[in-house]
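K.L.:
Sharing a structure here in structure tokens format.
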Amino acid sequence: MNLISCEKLEKSMVELQFSIDAEAFRTAVSAAFKRESKKYTVPGFRKGHAPRAVIERMYGKDLFQYDAVNDLFPEQYEAAVKAANIEVVGSPAPEVVSMSEEEGVVLKVKVAVKPEVELGDYAGLTVTKDVKTVDEADVDAEIKRMQDRNGRLLTREGEAQNGDTATIDFEGFVDGKAFEGGKAEHYALVLGSGSFIPGFEEQVVGHKAGDEFDVNVKFPEEYQAEELAGKDATFKIKLHEVQYKELPELDDDFAKDVSEYDTLEELKDSIRKGIADNYERQAEQKVENDLIEQVVNGMKAEIPDAMIESRMEELVQDFEYRISQQGLKLDQYLQYMGMNQDQFKEQFREQADKQVKMRLAMEAIVDKENIEATDEEFEAEVKRIADAYQMEADKVKSLVNVDAVKKDLAVNKAIDFVKEKANVVAGAAEEKPAKKTTRKTTKKAAKEEEPKNEESKGE
């Protein structure tokens, strides 16, 4: 491989031009002929036994030459990238400039590269830290949730009421015809939960176990299944059982039953502290996010579309993996949500854009401040991963890329550097100084985010 030129284009694109010498090309063409010739049928010859010249006369002189270029390209391209000393972030788009077995091959490749970043201010930034005050209503709400979780279901002899659990068979009909997904048996429906179509649960209220009746509703205009949106529907209902929840008394015995505490007041104190700690973590995270946003807003970089697209793909793949752990395929999820692959992927664009910009900004600080992850920090991260996935540390080391992990750790240290140098101003409800938080590696933290229609945590 001989690098001919490396030309910078707009928006962090680069055009490489490099050559492959004639001898290497001829060898590759011969190898391609031996491998591929058996695929071609030539009258008068047994399959795989026709001379190369005859096959090329029938199918084109450059037939095996293009196969040879495809065989040579990965290694030769990698060598050209190394010679040009560039960091590519997208897939190459190659083009053959010239090709002959006498003179070799000249290739032209356009590819996105990691952009140059011009940092603005990143040390001495000012940010306000607001920590919410614990409201007693929050404590009472958590106690109520615990009370509800520990209630017991009893059979109701009379009419179903809001809050009861009704076990029903149902089948839905539109224009007199049953529709797909509109039938279930022994379905446990909590009345008043709003989990069914508006008006459905209200019509179950007032009925007794053993009743068979119709529920008439109208699907919302924005219903996910377009064929049902806005349609009138009738559901045939059979009510098998009605149950209500008997809640335990909120007293010291309750505290002993559901926790390690002896009194209800001690349990409330624990909940109060837990909420306060959570508010503190949220405030710390917002401080971090606000500082990162300031750094990102102050930097200049021509970010290639390929970086955003690549991150979007990673987020889609990560989401697909997570739902597969729950036994759900992405195609099923998309069908349920009424979206296609492109629409789903597009949901991640804003998130991917933020993550890419944050990463570029922090990597620029890493370079400027000569921040590195120590071997001790790497070992600690390996242990964290091993503990999280219940694996041996040596097994983790065999699976991870040491340089990539250290780079992630260095990025996290850059975030800590920005926080340490920042002027954190206490908000109205803040009494304690900002403190450092323990955070997973940035790369992993980024992958935990979900699309907009899911519960998510922004960077």
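K.L.:
Of the residues 89, 139, which is modelled with pLDDT under 95, open to solvent by less than 50 Å² (accessible area, probe 1.4 Å), closer than 30 Å to residue 286 by Cα and not hydroxyl-bearing (Ser, Thr, Tyr)?
P.N.:
89
K.L.:
Mind checking whether some residue in region 2-14 is touching a Lys or Arg at 6+ places or on another chain (Cβ under 8 Å), open to solvent by less than 50 Å² (accessible area, probe 1.4 Å) and among the β-branched types (Val, Ile, Thr)?
P.N.:
yes
K.L.:
Give the residue that is surrounded by the most Cβ atoms within 10 Å (Cβ to Cβ), with candidates limited to residues of region 269-310 that are within 21 Å of residue 365 (Cα to Cα) and among the basic types (Lys, Arg).
P.N.:
Across region 269-310, the extreme among qualifying residues is 286.
K.L.:
Something else now. Would you be able to tell me the number of residues in region 335-382 that are charged (D, E, K, R) and not in a helix (DSSP H, G or I)?
P.N.:
Matching residues across region 335-382 total 1.
K.L.:
Any chance you could count how many residues in region 388-420 are among the β-branched types (Val, Ile, Thr) and touching a residue at least 60 places away in the same chain (Cβ under 8 Å)?
P.N.:
2
K.L.:
Is it true that residue 411 is open to solvent by less than 50 Å² (accessible area, probe 1.4 Å), at pLDDT 95 or above and closer than 25 Å to residue 315 by Cα?
P.N.:
Taking the combined requirement at face value, the residue satisfies it.
This table checks each residue for (1) under 22 Å from residue 414 (Cβ atoms); (2) part of a helix (DSSP H, G or I).
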residue	(1), (2)
290	yes, yes
302	yes, no
314	yes, yes
319	no, yes
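K.L.:
Looking at region 333-372, which of the residues that are aliphatic (A, V, I, L, M) and free of Cβ contacts under 8 Å to residues at least 40 places away in the same chain is least open to solvent (accessible area, probe 1.4 Å)?
P.N.:
This residue is 334.
K.L.:
What number of residues within region 243-257 are part of a helix (DSSP H, G or I) and either in contact with a strand residue (DSSP E or B) (Cβ under 7 Å, 6 or more places away or on another chain) or open to solvent by 40 Å² or more (accessible area, probe 1.4 Å) (or both)?
P.N.:
4
So that you can scan it fast, the table gives a plain yes or no per residue for (1) modelled with pLDDT under 90; (2) of a type in the set (Ser, Thr, Tyr):
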{"position": "11", "(1), (2)": "yes, no"}
{"position": "64", "(1), (2)": "no, no"}
{"position": "67", "(1), (2)": "no, no"}
{"position": "77", "(1), (2)": "no, yes"}
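K.L.:
Those residues that are over 38 Å from the mean Cα position of the chain (by Cα), surrounded by 13 or more Cβ atoms within 10 Å (Cβ to Cβ) and assigned to a loop (DSSP other than H, G, I, E, B), I need them from region 142-169; list them, please.
P.N.:
156, 159, 160, 161
K.L.:
Within the group 185, 226, which residue is open to solvent by 30 Å² or more (accessible area, probe 1.4 Å), in a loop (DSSP other than H, G, I, E, B) and under 28 Å from residue 334 (Cα atoms)?
P.N.:
None of the other options fit; the residue is 226.
K.L.:
OK, next. Could you list, in sequence order, all residues of region 98-148 that are closer than 29 Å to residue 419 by Cα and free of Cβ contacts under 8 Å to residues at least 12 places away in the same chain?
P.N.:
The one that is closer than 29 Å to residue 419 by Cα and free of Cβ contacts under 8 Å to residues at least 12 places away in the same chain: 135.
K.L.:
I'm told residue 26 meets every condition in (1) over 44 Å from the mean Cα position of the chain (by Cα); (2) without any contact (Cβ under 8 Å) to a residue 40 or more places away in the chain except one. Can you identify the failing condition by its number?
P.N.:
(2)
The values are calculated or read from the model by the stated rules, or taken from the named source; none is laboratory data. Since the structure is predicted, the reported quantities are computational estimates derived from the model, not experimental observations. Positions of Cβ are generated from backbone atoms using ideal geometry, with glycine treated the same way; all protein chains shown enter the neighbour counts. Quick note on the areas: whole protein, heavy atoms, side chains included, nothing else; ligands and nucleic acids left out. Shrake-Rupley method; radii C 1.70, N 1.55, O 1.52, S 1.80 Å.
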